[in-house]
1. Select from B:Thr170, B:Thr237, B:Thr198 the residue whose mean-square fluctuation is largest in a Gaussian network model of chain B (Cα-Cα springs shorter than 10 Å).
2. For chain B, set up a Gaussian network in which alpha carbons nearer than 10 Å are linked by springs, and say which option among B:Asn97, B:Asn221, B:Asn145 fluctuates the most.
3. Rounded, prolate or oblate: which fits the protein assembly as shown, taking a ≥ b ≥ c as square roots of the Cα gyration tensor eigenvalues, rounded meaning a/c under 1.5, else prolate when a/b beats b/c?
4. If r is the Cβ-Cβ distance from B:Ala222 to B:Met245 and R0 is 56 Å, what FRET efficiency results, to the nearest 0.05?
5. Of the residues A:Leu35, A:Leu158, A:Leu19, which exhibits the maximal mean-square fluctuation in a Gaussian network model of chain A defined by a 10 Å Cα contact cut-off?
6. Is the shape of chain B rounded, prolate or oblate, going by the alpha carbon gyration tensor and its root eigenvalues a ≥ b ≥ c, with a/c under 1.5 for rounded and a/b larger than b/c for prolate?
7. Take the alpha carbon gyration tensor of region B:1-88, find the square roots of its eigenvalues, order them as a ≥ b ≥ c, and report rounded if a/c is under 1.5; if not, report prolate when a/b exceeds b/c, else oblate.
8. Can you give the accessible area of B:Tyr76, probe radius 1.4 Å, in Å² rounded to 10?
Amino acid sequence: MCEQIKVQVKNLTKSYGELLVLDNVSFEVKKGEFLCIVGPTGCGKTTFLNSLTKLHDIDSGEILLDSVPVNLKKQSIAYIFQENSVLSWRTVAENVALGLEFKKKELALTKNEIKKKVRDALSIVGLLKFENYYPNQLSASMLQRVVIARAFVIAPELLLMDEPYGQLDINLRFRLEDEVVKICKQFNTTVIFITHNLEEAVYVGDRILILTNKPSKIKEELENPLPRPRDVTSSEFIKLREYVTDQIRWW
Amino acid sequence: MKKRKTNIQWERLIYGGAAILLFLVIWQILVKPGSAKFATPLEVGEFILQHITTKVGPCTIWGHAGWSLSRVGVGYILAAAAGIVLALLMSQSKVCNIILHPLFDLLRPIPPIAWVPLAILWFGIFEKAKYFIIFIGAFVPFVMNTYTGAVRVDKKLIDAALMLGTPPRTIFFRVVFPAIVPQIFAGAQVALTNAWMTVIGAEMARATEGVGWMILKGMENADMAQIVSGMAVIGVTGFLIAALMRWLEKHLIKWNVRER
């Protein structure tokens, strides 16, 4: 893995009124790294992602992407929200094409190329035959797959995922975890992945960042040296998962 | 799937038709022919058939329905344009909201018919006054629904679009407006019902033609068949307009229509 630093978070502080949510948080994410952030409910994990993407203003600190402040116009960041964010008036294919519509000039894409990219992305998440369906004809898990396809189709340099598999059944979750890791590694995409599920964090993450309760600080940063593909039943996997569990047992 | 849908449509038609038929039969049995207090369905049917070609006052039943519909059309279109624009202004601009919302809340509870005297004073006794009253009746639901829809657009949709590179200046047309189309449609249906109710009131207050005029003249002449025929025309026209709106909704915003 390349050791180039992709994301730098320096002394990030964020509060809502008098409630301090993130307290002087600093860390770095390497290019192509799959970083998992785990922490108790309401500790500010989502706030962190929203701050990174400038959807929320921060009180103090700095967030740099490739050593420059985040600029959504110039940098390609995809964000998969916890909640459904599919546009109900667009078909599945039109939803997936949304990001490409604004990048077609920049990437010199023709309509046919966009269509092909959309179909490739839909094929990865197993929704190719639903491309002309409207969101109200799909289940919650299918909608989340549309969002995943929509994020990947723009080949983001940074992918933010906020508990993206919370609404999916376990089989699909396993399949998508594998698919997402595979695509991210293939394209060397940097990922910041938020989850409550510790097993999931150990399964997908190259590194795990454990946050404390509010106001959040970093309790521990943990390298995950397990080789891929990972076996959740292996003794090394179970040992690491139990270690992470021990770190958060006091929540 | 398609066959099942067709079966359901037939079931609706058969059961709905049977209910209407039963209603007419009970009505016919309960009302004494020639009664001074009500007309039988047969008397109403006869009146309507007779006046499809011969005039009731200045025009046929078609003519009266046409007059009322044209008044509704003008008032309704003006209300739609003004109501949607005002609601969007209030929802997108804090300053507009602070200035206009209290004023709208103050005027909203006033029934359209209460504006009749002022409408006559301001616009005279002819068409403009009726347009104005219908406008008032349809305006409120357009504003209410559009405004509520616009302020409740899921912020996640806007965030998602921004994250995917949608220029902020185009968010309104790309996300906010499409998201509220179903609410505008819901408001349009309520507005149409209001407009149709208001035109009858306006015509009963002052008119020389229209369905409202037909009912009022029927009352003056103690002609029960004419009164109930006017009511029947209102009912059937309202039913057809509602069906048209449902058809439009199904075809224009098919992404919002679930299989029912």
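The values are calculated or read from the model by the stated rules, or taken from the named source; none is laboratory data. All figures in this text were calculated on a predicted structure; none of them were measured in a lab. No Cβ is skipped: glycine too gets one built from the backbone with ideal geometry, and neighbour counts run over all protein chains shown. Protein only, heavy atoms only, side chains kept; ligands, DNA and RNA dropped before computing areas. Shrake-Rupley method; radii C 1.70, N 1.55, O 1.52, S 1.80 Å.
1. Sorting by GNM fluctuation, first place goes to B:Thr170.
2. Checking each option, the largest mean-square fluctuation is seen for B:Asn221.
3. Details: a/c = 3.14, a/b = 2.36, b/c = 1.33.
Judged from the Cα gyration tensor, the protein assembly as shown comes out prolate (a/c at least 1.5, a/b above b/c).
4. On the way: r = 36 Å, r/R0 = 0.64.
In this case the efficiency is close to 0.95.
5. Comparing A:Leu35, A:Leu158, A:Leu19 in the GNM, the peak value goes to A:Leu19.
6. Details: a/c = 3.05, a/b = 1.49, b/c = 2.05.
Oblate shape, in that a/c is at least 1.5 and b/c is the bigger or equal ratio.
7. oblate
8. Estimated to the nearest 10 Å², B:Tyr76 gives 40 Å².
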